[in-house]
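*Asks:* The structure under discussion is supplied below as structure tokens; questions concerning it will follow.
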Amino acid sequence: MKDAYILDQNYENTDFIQFPLEKGEYENCTFKNCSFEYGNLSGFSFTDCEFKGCNLSMAKLTSAAFRDVLFKECKMLGLQFTDCNAFGLSFKFDGCMLNNSVFYQTSIKKTIFKDSKLIEVDFADSDLSQAVFNSCDLSGAVFDNTNLEKADLRTSVNYSIDPVLNRLKKAKFSLSEVYGLLYKLDIEIDRNS
């Protein structure tokens with residue numbers, strides 16, 4: 001049986017656990033206030049789609065394709081983006097809660113994270129070159145062998161990034177958060193002077 005191809009559809013206030021979304025390829029579709037929590041999006045393809053106010057927490061993403069997808073004000077706890085189809089993987093996050101999600105070994109250059117909570121997110125071995133973290137909370141986020149070249153973290157807070165273990169060439173940071181780069185040196189920085 002061939003997977004469905006759905007174009008230009010709008011979905012609102014739907015619980016896709018109770019009423020499962022038809023497996024297939026979705027292009028230029030909008031999902032508003034929908035729940036995919038603990039659902040299975042494995043093998044689904046989303047191109048030029050928008051998810052607004054949706055709950056995708058703990059959804060399975062094995063071979064799921066996200067190409068030019070916007071997530072706005074979505075709850076996305078514990079997602080394994082590592083499992084996604086890597087081909088053309090691109091998305092933007094605006095006002096999302098991505099706590100405990102995993103981007104391990106993903107190549108997501110130029111990704112924009114705006115006004116989002118990225119608490120304890122795993123970015124190890126990821127390519128985040130030219131990514132923008134605009135007003136994000138990165139408490140406990142893991143950066144290990146991460147490419148952050150030309151990334152912009154000037155307005156984000158609570159990150160701990162070891163400059164020895166990560167690629168930071170031409171990355172941008174704010175002076176007020178520079179401690180996040182020096183924490184391993186066990187030195188004292190007087191923030192009042």
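*Asks:* Can you list the lysines whose alpha carbon is less than 17 Å from that of K75, not counting same-chain residues fewer than 8 positions off?
*Replies:* Hits, sequence-local ones excluded: K32, K52, K60, K92, K114, K117.
*Asks:* Which aspartates and glutamates have a Cα lying under 17 Å from the Cα of K170, excluding residues fewer than 8 positions away in the same chain?
*Replies:* Answer for K170, where 17 Å is the Cα cut-off: D127, E149, D152, D162, listed by chain and number.
*Asks:* Hey, could you get me the Stokes-Einstein D for the chain, Kirkwood radius over alpha-carbon pairs, 4 °C and 1.567 mPa s, rounded to whole µm² s⁻¹?
*Replies:* 75 µm²/s
*Asks:* Between S135 and S90, what length in nm is gained on full extension when 0.36 nm per residue of separation is reduced by their alpha carbon distance?
*Replies:* Additional length available on full extension: 14.2 nm.
*Asks:* Excluding same-chain residues fewer than 8 positions from K72, which aspartates and glutamates have a Cα within less than 15 Å of its Cα?
*Replies:* The reachable aspartates and glutamates, counting only those whose Cα sits under 15 Å from K72, are E12, D48, E50, D94, D115.
*Asks:* Once you've got the GNM for the chain with C-alpha springs shorter than 10 Å, pick whichever of C136, C96, C29 has the biggest mean-square fluctuation.
*Replies:* The residue with the greatest mean-square fluctuation here is C29.
*Asks:* Shifting gears a bit: Per the Kirkwood treatment, what hydrodynamic radius in Å, one decimal, follows for the stretch 69-111 from the mean inverse distance over all distinct Cα pairs?
*Replies:* 10.8 Å
*Asks:* Hey, another quick one. Once fully extended, how much extra length lies between S63 and T155, figured as 0.36 nm per residue of separation less the alpha-carbon to alpha-carbon distance?
*Replies:* So the extension gain works out to 29.8 nm.
*Asks:* For the chain, with every protein chain kept in place, what is the accessible area per residue (1.4 Å probe, Å²)?
*Replies:* Each residue of the chain exposes 53 Å² on average to a 1.4 Å probe.
*Asks:* Using the Karplus equation 6.51 cos²θ - 1.76 cosθ + 1.60 (θ = phi - 60°), what ³J(HN,Hα) coupling, rounded to whole Hz, does each residue of the stretch 37-45 give in order, writing x for Gly and Pro?
*Replies:* The phi angles translate into 3, 6, x, 10, 9, 4, x, 6, 10 Hz.
*Asks:* Using the Karplus curve 6.51 cos²θ - 1.76 cosθ + 1.60 with θ = phi - 60°, work out ³J(HN,Hα) for each residue of the stretch 133-145 in order, rounded to whole Hz, and write x for Gly and Pro.
*Replies:* 10, 9, 6, 10, 9, 10, 4, x, 5, 9, 10, 9, 6
*Asks:* With the convex hull built on the Cα atoms of the stretch 55-168, state its orientation-averaged projected area in nm².
*Replies:* For the stretch 55-168, averaging the hull's shadow over all directions gives 5.7 nm².
*Asks:* Where the centre of each part is set by its Cα atoms, how far does the stretch 149-178 sit from the stretch 19-52, in angstrom?
*Replies:* Taking the Cα centre of each part, the stretch 149-178 and the stretch 19-52 sit 33 Å apart.
The values are calculated or read from the model by the stated rules, or taken from the named source; none is laboratory data. Given the structure is predicted, the values throughout are model-derived calculations rather than measurements. Keep in mind that these areas ignore ligands, DNA and RNA; they rest on the heavy atoms of the full protein, side chains included. Shrake-Rupley method; radii C 1.70, N 1.55, O 1.52, S 1.80 Å.
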